[in-house]
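The values are calculated or read from the model by the stated rules, or taken from the named source; none is laboratory data. This one's a predicted model, so the numbers in the text were calculated from it and none came from an experiment. Reconstructed Cβ throughout: ideal geometry from the backbone, glycine too, with neighbour counts over all protein chains shown.
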Amino acid sequence: MVTVTFHQTCLIRIMLDMDVTIYRARLHDIPSIARLVNSAYRGSHSKIGWTTEADLLGGQRTDEEDLTKILNEPHNTILIGADEINRILGCVYLQKRDAVMYLGMLTVQPQLQANGLGKQLLFAAEEFARQKHCTVIEMTVISVRHELIAWYNRRGYRASGEVKPFPADGKFGVAKQPLEFIVLSKTL
């Protein structure tokens, strides 16, 4: 079992095919996080990995302005996984909502997907939630992302029965078909 200790800088070092350090993002990490998230979710490069949304959504997933707002909010955290030369390989966004930790934007570089980094980021997010005295982790997933929902199900997340509309404002991209979110949650 891996023990996760949350310090201001280094959270955890994990061994995959490379040495990866998971730590809390800082404002200077924002440009790299924006590039990572957009390359993993949208455009032709995202199709290298299995988590692409390119066939469902156009436009970008996030931008530096939104990420800056996220990090400037006191209840928000982005954990990042970086290699030995500090290249950001993955990230996950967390927002504390009383006893619930909202999880979003779990991202791994497309060419590194299916190597365990996403699972380790999820594990670190769950441990972070426990240490913040949360009893539940909750997320929204596009309902037609069956392979992603199955991945989360294998890690203990279950559909709550709640459905939310996909935002029409273009903030998360422009839908190429009607979309909605389902809410998944896991009791910690």
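Here are the numbers for this structure:
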quantity: Residue in segment 32-69 that is surrounded by the most Cβ atoms within 10 Å (Cβ to Cβ), counting only those that are over 20 Å from L94 (Cβ atoms) and of a type in the set (D, E); calculated: E53
quantity: Selection count, segment 144-164, where residues are exposed (fewer than 15 other Cβ atoms within 10 Å of the Cβ), within 18 Å of the chain's Cα centre (by Cα) and not hydrophobic (A, V, I, L, M, F, W, C); calculated: 7
quantity: Segment 9-47, residues that are hydroxyl-bearing (S, T, Y) and either modelled with pLDDT of 80 or more or closer than 18 Å to G118 by Cβ (or both); calculated: T21, Y23, S32, S39, Y41, S46
quantity: Residue in segment 74-90 that is in contact with a Lys or Arg (Cβ under 7 Å, 6 or more places away or on another chain) and hydroxyl-bearing (S, T, Y) present; calculated: yes
quantity: Some residue of segment 146-155 being of a type in the set (G, A, S) and in a strand (DSSP E or B); calculated: no
quantity: Number of the condition not met by T107 [criteria: (1) closer than 26 Å to I30 by Cα; (2) more than 16 Å from the chain's Cα centre (by Cα); (3) in a strand (DSSP E or B); (4) among the polar types (S, T, N, Q)]; calculated: (2)
quantity: Test: residue in segment 48-69 that is in a helix (DSSP H, G or I), under 23 Å from Q177 (Cβ atoms) and either of a type in the set (K, R) or modelled with pLDDT under 85 (or both); calculated: yes
quantity: Qualifying residues in segment 165-188 (those that are under 19 Å from L67 (Cβ atoms) and free of Cβ contacts under 8 Å to residues at least 12 places away in the same chain) - the one surrounded by the most Cβ atoms within 10 Å (Cβ to Cβ); calculated: P167
quantity: Residue under evaluation V174, criteria (1) more than 16 Å from L103 (Cα to Cα); (2) under 17 Å from the mean Cα position of the chain (by Cα), criterion not met; calculated: (2)
quantity: Meets criteria (aliphatic (A, V, I, L, M), surrounded by fewer than 20 Cβ atoms within 10 Å (Cβ to Cβ) and within 14 Å of the chain's Cα centre (by Cα)) for V141; calculated: yes
quantity: Any hit, segment 131-144, residues being closer than 25 Å to L117 by Cβ, at pLDDT below 95 and polar (S, T, N, Q); calculated: yes
quantity: Candidate set from segment 89-121 (those that are surrounded by fewer than 20 Cβ atoms within 10 Å (Cβ to Cβ) and of a type in the set (A, V, I, L, M, F, W, C)); member that is farthest from G49 (Cα to Cα); calculated: A99
quantity: Residue that is farthest from T107 (Cα to Cα), among those in segment 132-164 that are without any contact (Cβ under 8 Å) to a residue 40 or more places away in the chain and β-branched (V, I, T); calculated: V163
quantity: All positions within segment 110-145 that are among the charged types (D, E, K, R) and part of a loop (DSSP other than H, G, I, E, B); calculated: K132, R145
